[in-house]
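Worksheet: the structure to be examined is printed underneath.
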Amino acid sequence: MADMNDDIMAEIQKNKDQKQYEEYVKKITPAHNIWIQMLKAFFVGGLICTFGELVMKIFSETLMMETDVAAKYTTLTLIFIGVLLTGLNIYQKLTSFGGAGALVPITGFANAVAAPAIEYKSEGHVFGIGCKIFSIAGPVILFGILISWGLGIVYWIFG
């Protein structure tokens, strides 16, 4: 009988602890307005893409590059700026504000590669940077190459 009472009391305490934990989580979890978050993402992504178009215009019209060459230099410039802003700890603030609007453009991909390299540099060049640099972007690169290879085979067979 005593064991049964102890089990009941333990269950009551467990439920009480669970409710306290749920209240604590609810209290500290920030509430987000989805419409404001989407507006911020649209704004930040739009600014990044507008900046990319401006860089493209500068390369193609001011520096008189052909469109395909200007596009390549624009991509490299955006990647460089993304890595630079990641190194200066500015891109993280941009992604905190703009969410997917900052993560989806190529600057976000550059951030995904540079951020782990910066984070793990204290572990050394090989085991830190070398092993961890593609921890976020690695799956994207892997599956991108795999899908490209598969589509290339399909194109080669049917093309």
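When region 12-65 is filtered for residues that are within 28 Å of Asn111 (Cβ to Cβ) and of a type in the set (D, E, K, R), the ones remaining, listed by number, are Lys40, Glu53, Lys57. Please indicate, with yes or no, whether at least one residue in region 73-84 is closer than 13 Å to Leu47 by Cβ and in contact (Cβ under 8 Å) with a residue 24 or more places away in the chain. Yes, the conditions are met somewhere in region 73-84. The single condition among (1) modelled with pLDDT of 95 or more; (2) under 19 Å from the mean Cα position of the chain (by Cα); (3) open to solvent by 80 Å² or more (accessible area, probe 1.4 Å) that Thr50 does not meet is (2). Taken together, the criteria exclude Leu76 from residues that are in a helix (DSSP H, G or I) and buried (at least 18 other Cβ atoms within 10 Å of the Cβ).
Restricting attention to region 9-46, the residues being in contact (Cβ under 8 Å) with a residue 12 or more places away in the chain and of a type outside the set (Val, Ile, Thr) number 7. When you check Ile81 against the structure, is it part of a helix (DSSP H, G or I), surrounded by 13 or more Cβ atoms within 10 Å (Cβ to Cβ) and at negative phi, yes or no? It is true that Ile81 is part of a helix (DSSP H, G or I), surrounded by 13 or more Cβ atoms within 10 Å (Cβ to Cβ) and at negative phi. Out of all the residues in region 26-35, is one or more in a helix (DSSP H, G or I) and open to solvent by less than 60 Å² (accessible area, probe 1.4 Å)? There is no residue in region 26-35 that is in a helix (DSSP H, G or I) and open to solvent by less than 60 Å² (accessible area, probe 1.4 Å).
The values are calculated or read from the model by the stated rules, or taken from the named source; none is laboratory data. These numbers come from a predicted model, not from an experiment. Here the Cβ is made from the backbone with ideal geometry for all residues, glycine too, and neighbour counts use every protein chain on show. Areas reflect the complete protein model, heavy atoms only, side chains present, ligands, DNA and RNA absent. Shrake-Rupley method; radii C 1.70, N 1.55, O 1.52, S 1.80 Å.
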